[in-house]
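Asker: Got a structure here, written out as structure tokens. Questions coming.
Bear in mind that the values in this text are calculations on the coordinates, not laboratory data. These numbers were taken from a predicted model, which means no experiment stands behind them. Every residue, glycine as well, gets a Cβ built from its backbone with ideal geometry; the counts of neighbours run over all protein chains shown.
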Amino acid sequence: MSETQTILDKQAKYLWPNHLLYFEKPLPLAKGNGMYVWDADGAKYLDFFAGILTTSVGHNNQTVNRYIKDQVDQLLHTSTLYPNETHVNLAEALAEVTPEGLDTFYFGASGTDADETAVLMAQIYTGNTEVIALRHGYSGKSQMAMSLTGQSSWRMGPVHIGYVRHAMTPYTYRSLGGIEPKAYVQACLDDLEDVIQTMTSGKIAALLMEPIQGVGGFITLPSAYLEGAAEIARSYGGLVIIDEVQTGFGRTGTHWWGHQHANIVPDIMTMAKGIANGMPLAAVATTPEIAASAVGQGLTISTFGGNPVSCAAAIGTLEEMKREFNPARSAEMGAILEEGLVALQAKYPLIGEVRGRGLMQGVELVSDREQKTACASAANAILNVSRKLGLLIGKGGMYGNVLRIAPPLIATREHIEEALEKLDIAFAQVQEMSF
Ligand SMILES: Cc1ncc(COP(=O)(O)O)c(C=O)c1O
């Protein structure tokens, strides 16, 4: 029996069957190096999804690994009851790249934990309860995070928290009523204000937004929306929480944070995924004033929050990002990727829209461009053919029809050209299929 089959058999026997797995025959991965991963039977793949935008400075990164190994030998665990040097050093290093003023941190172990903590902080600081999130957004797997999530397919189980309200997302490609993009942004802002006025007490704790909705299919929020929405939220007493779990650390190019393409400064910002190159870590950044508001409001600890090994990995990851794999580089490489995808769009009618920023590019597939008929089966087919060609990409979107292309930030022009060539072959095959 192949290694792959042994792993799949154990997976089926011992792991919960509701784990979402890519591919009809799932792909067990065994090894990674730089831009490549190998499966359990030794086949090699170019990784253009980076473990869901997480392996930011590449698999088996020697700088990050050295930090991890040194820390393992020094001190593996403390809990947040005891300060440790790595924990505070990471906070200091992060403060150099977070927006001005957002320079105090809570470290947790997942994006879910970070988003949940951010909302709680906003509730404590404002004294208000209700929270506005956006449709098509994704916040994680806890009860609160699923409640914030604006996609029913990601809301497992029946119980959801009642104080979350969802406003329309400026998904301009699919604007309701076919309204043209600029007017649609205004319609969405009007909807946000209407939701606050008609569906809340009139005082909100926060508005939470992802600058580019990741799981939602890389829906890129126009700057005018981010700016207008922040103003509206504040006028009803709310804080602005920006979720940078997918968009952080230079992925969107030019800036360290996705929201910085717009003229806004969040009150609270969450981050995870790319922060520690795959080690479990998340952070919430806010102002000293907001952070101080929780003092005396109840005790809090995190057993794994700020784990020294994860923090060491993050220090190494940040060092790599500051040294070479920085936002300017992601902008440059992202432009090559985007240009190549737009060229594929000109060739293949299946591609309805190419969107995103930097090394975070979404490709929305439709069986009819005029009607914009979402085509999830084409997205599955592209993933399958790409796998056969040795390329891994992701997918997402409310309708399961958006390819998510987001390589590690170390991708070179050659890697991007290799991926585009494979995608060209995949599209040529899939375009011929009937959907
Ligand atoms: C924008 C966003 N926020 C939060 C989360 C939750 O993160 P985690 O899976 O680490 O709990 C995710 C995960 O995909 C995400 O994309």
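Asker: Cut-off 16 Å, label point 7 angstrom out along Cα-to-Cβ of residue 78: give me the residues of segment 100-128 whose amide nitrogen falls inside.
Answerer: Zone members listed by number: 105-108.
Asker: GNM on the chain, C-alpha springs below 10 Å: top fluctuator among 48, 304, 325?
Answerer: Maximum among the listed residues: 304.
Asker: Additional query: Just grab the label-to-label distance for residue 199 and residue 96, each label 7 Å out from Cα along the Cβ direction, in nm (one decimal).
Answerer: Here the modelled spin labels are 4.3 nm apart.
Asker: I've got another one for you. Once you have the Cα-Cα distance between residue 15 and residue 424, take 0.36 nm times their residue separation minus that, and quote the gain in nm to one decimal.
Answerer: 143.6 nm
Asker: Can you list which of the GluC sites (Glu not before Pro) found in segment 334-435 are DSSP loop residues with at most 16 other C-beta atoms within 10 Å?
Answerer: Answer in residue order: 370, 432.
Asker: Along its three principal axes, how long is the chain when you only count alpha carbons? Whole Å, largest extent first please.
Answerer: Principal-axis extents of the chain (Cα, largest first): 61, 60, 44 Å.
Asker: Return the percentage of antiparallel bridges among DSSP beta bridges fully within segment 127-252, rounded to the nearest 5 %.
Answerer: Expressed as a percentage, antiparallel bridges in segment 127-252 total about 15.
Asker: Please report the antiparallel percentage of the DSSP beta bridges confined to segment 62-323, to the nearest 5.
Answerer: Percentage antiparallel, nearest 5: 40.
Asker: Rounded if a/c is under 1.5, else prolate if a/b beats b/c, else oblate: with a ≥ b ≥ c from the C-alpha gyration tensor eigenvalues square-rooted, which is segment 224-341?
Answerer: oblate
Asker: I want to verify a result. In a Gaussian network model of the chain, Cα cutoff 10 Å, which of these has the top mean-square fluctuation: 233, 292, 272?
Answerer: Ranking 233, 292, 272 by mean-square fluctuation puts 292 first.
Asker: Could I ask something else about it? By how many nm would the segment from residue 156 to residue 180 lengthen if fully extended, with 0.36 nm per residue of separation less the alpha-carbon distance?
Answerer: Result: 5.2 nm gained on full extension.
Asker: Among the lysines, select those whose C-alpha is under 22 Å from the C-alpha of residue 422, and discard any that sit fewer than 8 residues away in the same chain.
Answerer: 25, 31, 44, 347, 388, 395
Asker: Placing +1 on the Cβ of each Lys and Arg and -1 on the Cβ of each Asp and Glu in segment 182-303, which of 303, 252, 214 has its Cα farthest towards the positive end of the resulting dipole?
Answerer: Towards the positive end, the residue furthest out is 303.
Asker: Something else: Tell me the label-point distance for the pair residue 376, residue 263, using the 7 Å Cα-to-Cβ offset, in nm and rounded to one decimal.
Answerer: That separation, rounded to one decimal, is 4.1 nm.
Asker: Want the number for residue 33 to residue 62: 0.36 nm per residue separation, take away the alpha-carbon distance, what's left?
Answerer: The span from residue 33 to residue 62 would gain 9.5 nm if fully extended.
Asker: Who wins for biggest fluctuation among 391, 76, 420 in a Gaussian network model of the chain, springs between alpha carbons below 10 Å?
Answerer: In the Gaussian network model the winner is 76.
Asker: Does segment 308-435 come out rounded, prolate or oblate, given a ≥ b ≥ c as the square roots of the eigenvalues of its C-alpha gyration tensor, rounded meaning a/c under 1.5 and, failing that, prolate meaning a/b above b/c?
Answerer: prolate
Asker: What shape does segment 100-148 have by the C-alpha gyration tensor, where a ≥ b ≥ c are the square roots of the eigenvalues, rounded means a/c under 1.5, and otherwise prolate means a/b greater than b/c and oblate the rest?
Answerer: Because a/c hits 1.5 or more and a/b fails to exceed b/c, segment 100-148 counts as oblate.
Asker: Rounded to the nearest 20 debye, what is the charge dipole size of segment 62-323 about its Cα centre when +1 sits on each Lys and Arg Cβ and -1 on each Asp and Glu Cβ?
Answerer: 620
Asker: Which aspartates and glutamates does residue 372 reach when only Cα atoms under 13 Å apart count, and residues fewer than 8 places away in its own chain are ignored?
Answerer: Candidates past the 8-residue exclusion: 353, 364.
Asker: Select from 185, 128, 43 the residue farthest towards the positive end of the dipole of the chain; place +1 on Cβ of Lys and Arg, -1 on Cβ of Asp and Glu, and compute about the Cα centre.
Answerer: 43
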